[in-house]
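Quick note: the coordinates plus some simple rules give every number you see, no bench work behind them. All values reported here derive from a predicted model rather than from experimental measurement. Neighbour counts are summed over all protein chains in view; Cβ atoms, including those assigned to glycine, are modelled from backbone coordinates with ideal geometry.
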Amino acid sequence: MPSTEVAAPTSRARVLLVDDHALLRTGVANIINQEQDLHVVAEAGNGIEALEAFDRYHPDVTLLDLRMPVMEGVEVVRRMREKDPRARVIILTTYDTDEEISRALRAGAKAYVLKDISADALIACIRDVLAGKTYLAPAAAAKLAEDVTRVQLTPRELSTLRLLADGKANKEIATELGISERTVKTHLGHLFEKLGVTSRTEAVKVATRRGLVRLG
């Protein structure tokens with residue numbers, strides 16, 4: 001699906017809207033286009049279309065989902081910033097794990113907001129970013145603070161954690177990693193301590209919330 005262009009008065013800030021759900025794009029575009037100083041100049045449904053629209057329309061700000069077909073949002077942010085270090089990108093997503101937030105901000109996103117944001121707050125966010133400010137949804141800011149204080153896991157602990165999340169028993173984890181069951185228990189003990197939990201179920205729950213593992 002090619003990107004969609006909409007004529008905009010030159011006095012309005014040009015907004016590029018990128019999301020693979022057409023209905024959501026329509027709703028967000030309607031909100032933005034009601035403002036006298038903002039206008040959605042183009043829409044795109046995947047990462048490649050987003051980059052093409054960015055090159056063609058040179059938006060003042062881009063609203064971008066994280067999970068999209070063809071190319072994920074973080075890579076899109078990185079490439080936009082490579083093309084233009086001044087590019088202003090706002091992540092608008094349903095995903096709020098600290099790992100997702102950190103990756104997006106490291107790639108150069110100027111704001112991170114969730115799709116349950118109010119219309120007024122979204123417009124305020126866009127204007128803040130256009131003014132050179134950064135913006136983090138309160139939930140995202142809390143997750144980011146949690147990420148900063150998180151104790152890092154070793155590669156072997158992370159492998160153990162991911163197999164645990166897959167429902168593997170200690171013996172199966174030992175076989176997959178080529179280690180003894182005693183060593184698996186040692187890794188689990190370290191994991192429980194670092195994650196602040198006391199059970200396998202809690203470990204998986206906390207790890208999923210922090211973006212260390214993904215279920216399904």
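Note on the chain: lysine pairs with Cα distance below 22 Å, sequence gap of 8 or more or different chains, count 17. A simple spin-label model places the labels of Ile117 and Thr134 1.5 nm from each other, with each point 7 Å out along Cα-to-Cβ. Ordering Val15, Gly178, Gly27 by Cα displacement along the dipole of the chain toward the positive end leaves Gly178 in first place; charges were set at the Cβ atoms of Lys, Arg (+1) and Asp, Glu (-1). Between Leu163, Leu16, Leu64, where does the largest GNM mean-square fluctuation fall for the chain, given springs only between Cα atoms within less than 10 Å? Maximum fluctuation in the GNM of the chain, among the listed residues, is at Leu163. Comparing Leu114, Leu158, Leu92 in a Gaussian network model of the chain, where Cα atoms under 10 Å apart are tied by springs, the biggest mean-square fluctuation is seen for Leu158. Which residue, Ala140, Ala42, Ala203, tops the fluctuation ranking in a GNM of the chain built on C-alpha contacts under 10 Å? Per the Cα network of the chain with a 10 Å cutoff, Ala203 tops the list. Model label points for Met71 and Glu176, set 7 angstrom from Cα along the Cα-to-Cβ axis, are 3.2 nm apart.
Just to confirm a number: summing +1 for Lys and Arg and -1 for Asp and Glu over residues other than Ser11 whose beta-carbon lies under 13 angstrom from that of Ser11, what do you get? With Lys, Arg at +1 and Asp, Glu at -1, the neighbours total -1.
For the pair Thr198 and Glu82, the difference between a 0.36 nm per residue extended length and the Cα-Cα distance amounts to 37.3 nm. Computed from these coordinates, which is P(r) over Cα pairs in 10 Å bins from 0, in percent: (1) 8, 31, 27, 17, 12, 5, 1; (2) 8, 33, 34, 18, 7, 1; (3) 9, 36, 38, 14, 3, 0? Only one option fits the structure, namely (1). Only four residue types carry charge here, +1 at the Cβ of Lys and Arg and -1 at the Cβ of Asp and Glu. Report the dipole size of the chain about the Cα centre in Debye, rounded to the nearest 20. For the chain, the charge dipole is close to 680 debye.
Counted residue by residue at 0.36 nm each, then reduced by the alpha carbon distance between them, the extension gain from Thr94 to Arg106 reaches 2.5 nm. With each label modelled as a point 7 angstrom along the Cα→C-beta vector, the Arg127-Gln36 pair spans 1.2 nm. When both bridge partners sit in the chain, DSSP labels roughly 10% of those beta bridges antiparallel. Calculated [222 nm] ellipticity per residue, helices only, for the chain: -15500 deg cm²/dmol; basis is -39500 (n - 2.57) per DSSP H run with n ≥ 4, divided by all residues, nearest 500.
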